[in-house]
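Visitor: Next up is a structure, given as structure tokens.
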Amino acid sequence: MRLATPIQALFSTGPNEPLDSLPVSEQRRLIRRLSDENYLRFGRPAEAVEAVTDYAVRTGPETVAVRAYRPSRQAPLPAHVELHGGGWWLGSIDEHINDAICRYRCVHARCVVFAVEYRLAPENPFPAALADAYSVLRWVRRHAAALGVDAHRISIGGTSAGGNLAAAVALRARDLGDPGLVCQLLEVPALDLTGDTMRAALATEELAPLAGHVSEFETPLRRYLRDPADALLPLASPVRAVDLSGLPPAHIMTAEYDPLRDEGEWYARRLAEAGVETIVTRHAGAVHGTGYLTGVWEPARQWQHEAAMALREAHERFSATSKLA
């Protein structure tokens, strides 16, 4: 495994000692500070948008924050629900990397991006985050006119744990008969929460050098799931769902040097076998945290461009199809 120099520099910024002995709240504080420092060091500046508006959305007895990024005053525009990564126990819509991603997609995909501050584990284990994400999707659709978006052109997506949630929301929406999403954008998604696919990938000669990072993937699973048996549920591990037919078109992006690569590509194969329009791209040389490197590594910029264009094309394709109908 030969990692690009910017990736090696990113990896060198990790904590010198494990943080497991600290309370979860303190771990979050330290990792959040590191995340923001890394994005300021390695990422490109966030882009300007027309407007940023915060909403408080009821998701049953709870209320979650939703931040809307708008590219222009034009209405109605397509909408995209964005779910940040962080292993279900980290991350925030305020984090520099997540703010920059939303702004980039807002401008280049020409859509209103809704970032969701879903509840985090272990305080709120599975399926709390899923319930929040699904509730926000329904809120966007129900209030589309007031939000200035097209209720028929809504996509969903996320990175890592956020990709897991996006895939699960798509499954839930299908099962509950909600109007179809136009796209699910899944980036380095965690789709098999048994951990079996990840551990098998790390046992290969190609990915063995990453085996020392296994706790970064296993700890989130323990914190997110109420019981290990939950990992077999389709809304926890979408790749293990029996029936994947009738799901929205998928654009799945995997990284060559990522322990989650194989489960993303497995899901792509299963979707295609179920008749779901699916595109999967493996990015050579990329790692799980490629999104941090947009300021210093051209492949990271290509990654973000591909993601934005996938959304833009999905929204425009649906608009053209609906006009023909």
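The values are calculated or read from the model by the stated rules, or taken from the named source; none is laboratory data. None of the values given here were measured: they were computed from a predicted structure. Cβ placement follows ideal geometry from the backbone for every residue including glycine, while neighbour counts extend to all protein chains displayed.
Visitor: Looking at the range 1-30, which of its residues are of a type in the set (S, T, N, Q) and surrounded by 10 or more Cβ atoms within 10 Å (Cβ to Cβ)?
Guide: Step one: filter the range 1-30 for residues of a type in the set (S, T, N, Q), giving 5, 8, 12-13, 16, 21, 25, 27.
Listed by number, the residues that qualify are Gln8, Thr13, Gln27.
Visitor: Now a separate question. Return the total of residues in the range 31-45 being in a loop (DSSP other than H, G, I, E, B) and either surrounded by fewer than 16 Cβ atoms within 10 Å (Cβ to Cβ) or of a type in the set (S, T, N, Q) (or both). If you could, list the steps in order and put the result at the bottom.
Guide: Keep residues of the range 31-45 that are in a loop (DSSP other than H, G, I, E, B), which gives 43-45.
Adding the requirement that they be either surrounded by fewer than 16 Cβ atoms within 10 Å (Cβ to Cβ) or of a type in the set (S, T, N, Q) (or both) leaves 44-45.
The total comes to 2.
Visitor: Mind telling me which of the residues Arg261, Arg240 ends up being within 19 Å of Glu187 (Cα to Cα) and surrounded by 22 or more Cβ atoms within 10 Å (Cβ to Cβ)?
Guide: Testing whether each residue is within 19 Å of Glu187 (Cα to Cα) and surrounded by 22 or more Cβ atoms within 10 Å (Cβ to Cβ) leaves just Arg261.
Visitor: Being farther than 21 Å from Met309 by Cα, touching a residue at least 60 places away in the same chain (Cβ under 8 Å), outside any helix (DSSP H, G or I) and out of contact with any Lys or Arg (no Cβ under 7 Å at 6 or more places or on another chain) is the filter here, so list the residues in the range 245-284 that pass it.
Guide: Tyr257, Asp258, Pro259, Leu260
Visitor: Go over the candidates Thr63, Thr13 one by one and state the one that is farther than 26 Å from Ala308 by Cα, in contact (Cβ under 8 Å) with a residue 12 or more places away in the chain and hydroxyl-bearing (Ser, Thr, Tyr).
Guide: On the way: Thr63 fails: in contact (Cβ under 8 Å) with a residue 12 or more places away in the chain.
So the residue among Thr63, Thr13 that is farther than 26 Å from Ala308 by Cα, in contact (Cβ under 8 Å) with a residue 12 or more places away in the chain and hydroxyl-bearing (Ser, Thr, Tyr) is Thr13.
Visitor: A follow-up question, please. In the list Gly195, Gly157, Gly148, which residue meets the criterion of being small (Gly, Ala, Ser), surrounded by fewer than 24 Cβ atoms within 10 Å (Cβ to Cβ) and touching a strand residue (DSSP E or B) at 6+ places or on another chain (Cβ under 8 Å)? Give the steps one after another, and end with the answer.
Guide: On the way: Gly195 fails: touching a strand residue (DSSP E or B) at 6+ places or on another chain (Cβ under 8 Å); Gly157 fails: surrounded by fewer than 24 Cβ atoms within 10 Å (Cβ to Cβ).
Exactly one residue qualifies, and that residue is Gly148.
Visitor: How many residues are β-branched (Val, Ile, Thr) and outside any helix (DSSP H, G or I) when one looks only at the range 78-118? Even if it seems obvious, please write down each step before you answer.
Guide: Taking the range 78-118 and keeping what is β-branched (Val, Ile, Thr), we get 81, 93, 97, 101, 107, 112-113, 116.
Imposing the further condition that a residue be outside any helix (DSSP H, G or I) reduces the set to 81, 93, 112-113, 116.
Total satisfying the criteria: 5.
Visitor: How many residues does the range 15-55 hold that are more than 24 Å from Pro125 (Cα to Cα) and of a type in the set (Val, Ile, Thr)?
Guide: The initial filter retains those residues of the range 15-55 that are more than 24 Å from Pro125 (Cα to Cα), namely 15-17, 34, 36-54.
Now narrow it down to the ones that are of a type in the set (Val, Ile, Thr): 49, 52-53.
Of the residues in that region, 3 qualify.
Visitor: Among the numbered conditions (1) crowded, with 20+ Cβ neighbours inside 10 Å; (2) over 24 Å from Leu40 (Cα atoms), tell me where Ala274 comes up short.
Guide: The single condition Ala274 does not satisfy is (1).
Visitor: Also, quick follow-up: For the range 67-81, does any single residue satisfy the condition of being more than 30 Å from Leu232 (Cβ to Cβ), touching a residue at least 12 places away in the same chain (Cβ under 8 Å), over 20 Å from the mean Cα position of the chain (by Cα) and surrounded by 20 or more Cβ atoms within 10 Å (Cβ to Cβ)?
Guide: Yes, the conditions are met somewhere in the range 67-81.
Visitor: Here's a follow-up. Looking for whichever is in contact (Cβ under 8 Å) with a residue 12 or more places away in the chain and either surrounded by fewer than 16 Cβ atoms within 10 Å (Cβ to Cβ) or over 25 Å from Glu313 (Cβ atoms) (or both) here; the options are Leu207, Leu165, Leu186. Which one fits? Walk me through it before giving the result.
Guide: Numbers: Leu165 fails: either surrounded by fewer than 16 Cβ atoms within 10 Å (Cβ to Cβ) or over 25 Å from Glu313 (Cβ atoms) (or both); Leu186 fails: either surrounded by fewer than 16 Cβ atoms within 10 Å (Cβ to Cβ) or over 25 Å from Glu313 (Cβ atoms) (or both).
Going through Leu207, Leu165, Leu186 in turn, the sole match is Leu207.
Visitor: Looking at the range 133-244, what helices (runs of 4 or more DSSP H) fall wholly within it and have at least 1 residues that are at pLDDT below 95 and among the aromatic types (Phe, Trp, Tyr)? Walk me through how you get there before you give the answer.
Guide: Values: elements: 144-147, 161-175, 196-202, 215-224.
The helices (runs of 4 or more DSSP H) meeting that bar are 215-224.
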